[in-house]
Amino acid sequence: MGEKRKISLVIADVDGTLVTEQKVLTNRAQAAVQALRGHGVRFAITSGRPPRGMAMLLGPLALDTPIEGFNGGIFVSPDMTVMEEHLLAPDTARHAFDLIRARGMDAWVYTSDQWLIRDREAPHVAREEWTVKFPPTIVDDFDEALHRAVKVVGVSDDFDRLACVEKEVQVALGALASGARSQPYYLDVTHPMANKGAVVETLSKLLSIPTAEIAAIGDQPNDVLMFRKSGFSIAMGNAGPDVKKQAHAVTNSYNDEGFAKAIEQLILNLARAEDAR
């Protein structure tokens, strides 16, 4: 990496990137974020999770930048005050919900403050509750929630089917929504402005940092939009081939300190070179 490149902000995806498979933030990852600050590089996180589901990271990472939940569907300050919110249009949310259900998959609805599901025993519910640290609300009727939905999620362990439904949603909803997998088993449908490419652009404006000076790190197809808008991009070792080929660099897996190694071996090397100039 001999090129001259200034990095002023690193934006990291959370699941599959910043934390391990067991959703653990390692000491080495924390130290890497602290090392960034020692070189004047700011740090931000973005995720398909709701903001409440990232609250446990605020203290360990000493975050002082806006937090982007629901893939940019909502921006909150570190004290969880809402700064910006992008709701799905009710008809669009209903269309996405019905399409997901018609394909035999479970559908969840997130509002700014609730996670609504039909069946507590459905796949991934227990793991999601453990991850985000708050319980779902069980409902039979989603009509009211679909009028204030920030995100509709399709859930399936048939990864190939989910990939097909991802394309179907993108075609059916077009410019009315953003549809992308945030995990192999989750399809996130959000407002068209709620995507990780828009996260880069919004943080660029909010923090007065050119996109060319932003580095992005992630592992899933929805992170590719973030890669395209950033000056430098890093794919995790656990990312799929299509994600890796669209990044400038590839680091180790999330179970092999891939995030920390990316910061130590790539970003900090660039920062030291910039400092030397």
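The values are calculated or read from the model by the stated rules, or taken from the named source; none is laboratory data. On a predicted model such as this, the values are computed, not experimentally measured, just so you know. Backbone-built Cβ (ideal geometry, glycine too); neighbour counts: all protein chains shown.
Per-structure values
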| quantity | calculated |
| --- | --- |
| From the options Asp106, Asp119, Asp91, residue that is touching a Leu at 6+ places or on another chain (Cβ under 9 Å) and acidic (Asp, Glu) | Asp91 |
| Count of the range 218-246 residues which are of a type in the set (Gly, Ala, Ser), surrounded by fewer than 24 Cβ atoms within 10 Å (Cβ to Cβ) and over 16 Å from Val199 (Cα atoms) | 2 |
| Tally of residues being closer than 24 Å to Gln22 by Cβ, in a strand (DSSP E or B) and hydroxyl-bearing (Ser, Thr, Tyr) across the range 108-151 | 1 |
| Hits in the range 234-260 - residues which are among the polar types (S, T, N, Q), out of contact with any helix residue (DSSP H, G or I) (no Cβ under 9 Å at 6 or more places or on another chain) and in contact (Cβ under 8 Å) with a residue 24 or more places away in the chain | Asn255 |
| Of the criteria (1) in contact (Cβ under 8 Å) with a residue 40 or more places away in the chain; (2) of a type outside the set (Asp, Glu); (3) under 30 Å from Asp140 (Cβ atoms), which one Ala102 fails | (1) |
| Single condition Ser204 does not satisfy, out of (1) surrounded by 15 or more Cβ atoms within 10 Å (Cβ to Cβ); (2) not in a helix (DSSP H, G or I) | (2) |
| Residues of the range 211-232 classified as part of a helix (DSSP H, G or I) and either outside the structural domain of Ala271 (by TED's automatic domain parsing) or not β-branched (Val, Ile, Thr) (or both), total | 10 |
| Options Gly48, Gly53, Gly59; residue that is under 14 Å from the mean Cα position of the chain (by Cα) and in a helix (DSSP H, G or I) | Gly53 |
| Within the range 41-63, tally of residues that are out of contact with any helix residue (DSSP H, G or I) (no Cβ under 9 Å at 6 or more places or on another chain) and of a type outside the set (A, V, I, L, M, F, W, C) | 1 |
